[in-house]
Amino acid sequence: MSETLSPYLSILDYYDGHLRRHGDTAAGAAWPNDQDRARRFEVMMGLFREPADTSQPLVICDLACGTGEFLRHLRDHRGGDIRYIGADLSALALSHARRKFPDAEWVEIDVLKATDEQLESLRCDYLVANGLFTVRHDLSREAMWSFLTSTLDRLWPLVRRGLAFNVMSSIVDWQRDDLFHCSYDEIAGYLHQLAGRHLQIRADYGLYEFTAYAYKTLPGSHKLASPHPAPPSVIPAFRPQLPMADAILPYLRQIDQNRWYSNQGPLVMTLQRRLTEAMQLKSGAAAVTSSGTSALVGGILACAGRAHPDRPYALCPSYTFVGTISALEHCGYIPYLVDIDEQSMLLEASALPEHPMLSQVGLVMPVATYGKPVAVAPWQDFKRSCDIPVVIDGAAAFEAMIDDSARYCGNIPVALSFHATKIFGCGEGGCLVTTDIEITAKAVQALNFGFLATRECQMANTNGKISEYHAAVALAELDAWRAKRAAFIEVADCYRQAFQRVGLDSSFVGSPVIASNYVLYRTVDHDQTLHMQRELLARKIESRLWYGLGVHHQPYYRAAARDELPVSEDLAPRLLGLPVAADLPASAIDRIVDVIKSCVGA
Ligand SMILES: *Cc1c(COP(=O)(O)O)cnc(C)c1O
């Protein structure tokens, strides 16, 4: 390298000149605009092979960091644990960087002149040089090539995993004399000497340049080198899996095109249409919502409105998820908790006509316990004869609605939940379903601030709308839902067979009686449940009483008005939820059933 003069110092002057003229902006860094700069940052981040939530912090050296905007981009777009080292020759640029990010490491360094010891401060997992080799200003091509190769030759030994840099492409309509245009072959030939066959060249991001990645190892091999052993594997009570990013992407692109993000957007409309078709219902029968709970609220406000002082109570079973009661309270009702039937595990319509509270009841909410569907006909009769509105909490009963909507859907609304733990999920979401399309229309209005067509609020309301983004996930979920459901049913069948082998199948409760996202084991009493949970946990197997001991045992609802609840008291502590996941292996199921067998002494 040249001892007398460092020709690349003229490049430094070039950049400092831009920074003085334009300040700390994209133009100040000699980029045409912010968008192109952000795109280059994204491509630089493409170098990292580790997911953002990797347990080990990554050390990233940003060579020619300028004013440190890549650090901002990293923090905004990657997160995770990162140690960032910004290195530059320009004291001016670094003064901006330090002011903005005083907590990061900033190193003023001339890589070609620094001692080996000084260079140590740049030791890192990944090194990126974004824009260092794109402008040659008044340097010759040869001098620029020598600058590139001697810089990377010096740094490569300090890089543990890989490096990335960009140059201008030679495959362009015209080349600029002040830019450094290279061919793929030139760069690949040089990097091959450094990194062997662990190279990647990217020219897929729409700019007149390309980016080269050079790695020290093959993809994936860094995992073997990890000094940390894999975390102990726990089998969780439920391990959801929603559509992968690639499956959602086409829908996200539609959102980009539409520029419509909520308020009954095109994806929500498509989702509603596809859901009603899947349930073999007529158009308008389904209204998707921001959650199962908001679907309940929409159903209540549409059918019964807020609680009336004459009839302030809402009847519902205590053996349910808190969301049921939460929806009632949001609409002003005082919950009144009733028991379930021992055989069906459901609140039966036949149990209510003689109920002493009935004259003060403004709403009844039966629940599809663990997705065990509620037949609609008896409740339609109840509603007609007692003149009390009914809304069904069918949160987990999506499968039943798909399989037999004639039996489970009628002119009283049923709320479904699309929460990630349900069989059909989109993160957070829900749906109200009824053959009475005036009710769905009214629920949509109630969940959109009471607006219908105009911005005039006409009824009791809240915001329960689902966004286009959640609809995108739900559409992708619907695309692949049959396979997902089949996998869950297989898990339930596998449990059933394992319990049969040890003679405990009479205590198994699973699909098709209840939804296939639940597998329950009925113990003899609470003590056995607790013993079983402890024994399972000792083997890193989680289990769960999904509805706790009933809502009336929740601190907030302890004083709730209620009947005696002998069936709930008996059943709640005995229905133990066992681990479920679409990809739960048969070997895990056998292990789980073995533990249960040892607990019951079978
Ligand atoms: C899941 C569930 C809810 C709540 O649904 P969200 O989508 O989480 O609001 C309500 N009731 C029952 C019975 C549920 O299982």
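The values are calculated or read from the model by the stated rules, or taken from the named source; none is laboratory data. All values reported here derive from a predicted model rather than from experimental measurement. Counting neighbours? That spans all protein chains shown, and the Cβs are built from the backbone with ideal geometry, glycine included. Just the protein is used for accessible areas: all its heavy atoms, side chains included, with ligands, DNA and RNA removed. Shrake-Rupley method; radii C 1.70, N 1.55, O 1.52, S 1.80 Å.
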Sorted by mean Cβ packing within 10 Å, highest first, what order do the peptides 446-452, 189-195 take? 446-452, 189-195
Calculate, for the chain, the solvent-accessible area per residue in square angstrom, rolling a 1.4 angstrom probe over the heavy atoms of the protein chains. 45 Å²
Ignoring everything except DSSP H segments at least 4 long, calculate the 222 nm mean residue ellipticity for the chain; use -39,500 (n - 2.57) per segment, divide by total residues, nearest 500. -11000 deg cm²/dmol
Ranked output for segments 386-399, 122-135, 524-537, 571-584 by mean other Cβ atoms within 10 Å, highest leading, reads 386-399, 122-135, 571-584, 524-537
So, taking all protein chains as they sit and a 1.4 Å probe, how much accessible area belongs to residue 176, in Å² rounded to tens? 100 Å²
Note to self: C-alpha centroids of the range 269-308 and the range 499-547 sit apart, in Å, by 33 Å
Surface share of carbon and sulfur [accessible, 1.4 angstrom probe, percent] for the chain: 51 percent
Counting DSSP beta bridges with both partners in the chain, what percentage is antiparallel, nearest 5? 40 percent
Once the other residues with Cβ under 14 Å from the Cβ of residue 432 are scored (Lys, Arg +1; Asp, Glu -1), what is the net sum? -1
Give me the number: length gained by fully extending residue 39 to residue 160, i.e. 0.36 nm times residue separation minus the C-alpha to C-alpha distance, one decimal in nm. 41.1 nm
Classify the range 465-572: rounded, prolate or oblate, from the alpha-carbon gyration tensor (a ≥ b ≥ c, eigenvalue square roots; a/c under 1.5 rounded; otherwise prolate if a/b is larger than b/c)? oblate
Run down the aspartates and glutamates and flag those whose C-alpha is under 15 Å from the C-alpha of residue 113, throwing out any fewer than 8 positions away in its chain. 3, 88, 153
Calc'd 3J(HN,Hα), the range 238-251, phi into Karplus 6.51 cos²θ - 1.76 cosθ + 1.60 (θ = phi - 60°), Hz, glycine/Pro = x, comes to 8, 10, x, 8, 9, x, 6, 3, 4, 6, 7, 3, x, 6
How far, in nm, would the chain grow between residue 117 and residue 560 when pulled straight, counting 0.36 nm per residue and subtracting the alpha carbon separation? 152.3 nm
Separation of the residue 26 and residue 258 label points, Cα + 7 Å toward Cβ, nm: 2.8 nm
Apply the Kirkwood formula to the range 374-496: the hydrodynamic radius equals the inverse of the mean of 1/r over all pairs of different alpha-carbon atoms; give it in Å with one decimal. 16.1 Å
Cα-centre dipole for the chain with unit charges at Cβ (Lys and Arg positive, Asp and Glu negative), debye to 20: 280 debye
Could you tell me the center-to-center distance, by alpha carbons, between the range 116-156 and the range 329-359 in angstrom? 75 Å
List the cysteines in the chain whose Cβ has no other cysteine Cβ under 4.7 Å from it. 65, 182, 303, 316, 331, 386, 409, 426, 431, 457, 494, 599
In whole percent, the Cα-Cα distances of the range 335-376 spread across 10 Å bins from 0 upward as 25, 57, 18
Could you tell me how far the Cα centroid of the range 371-396 sits from the Cα centroid of the range 553-598, in Å? 25 Å
Considering only the other residues whose Cβ falls under 11 Å of the Cβ of residue 402, what net charge follows from Lys and Arg at +1 and Asp and Glu at -1? -2
Please arrange 22, 198 by accessible surface area, largest first, computed with a 1.4 Å probe and ligands excluded. 22, 198
Quick check of the Kirkwood formula: for the chain, what is the inverse mean of 1/r over all pairs of different Cα atoms, in Å? 28.5 Å
When the solvent-accessible surface of protein heavy atoms is calculated with a 1.4 angstrom probe, in what order do 73, 553 fall, highest first? 553, 73
In the structure shown, of 100/216; 372/484; 422/484; 442/484, the pairs separated by more than 23 angstrom at the C-alpha atoms are 100/216; 442/484
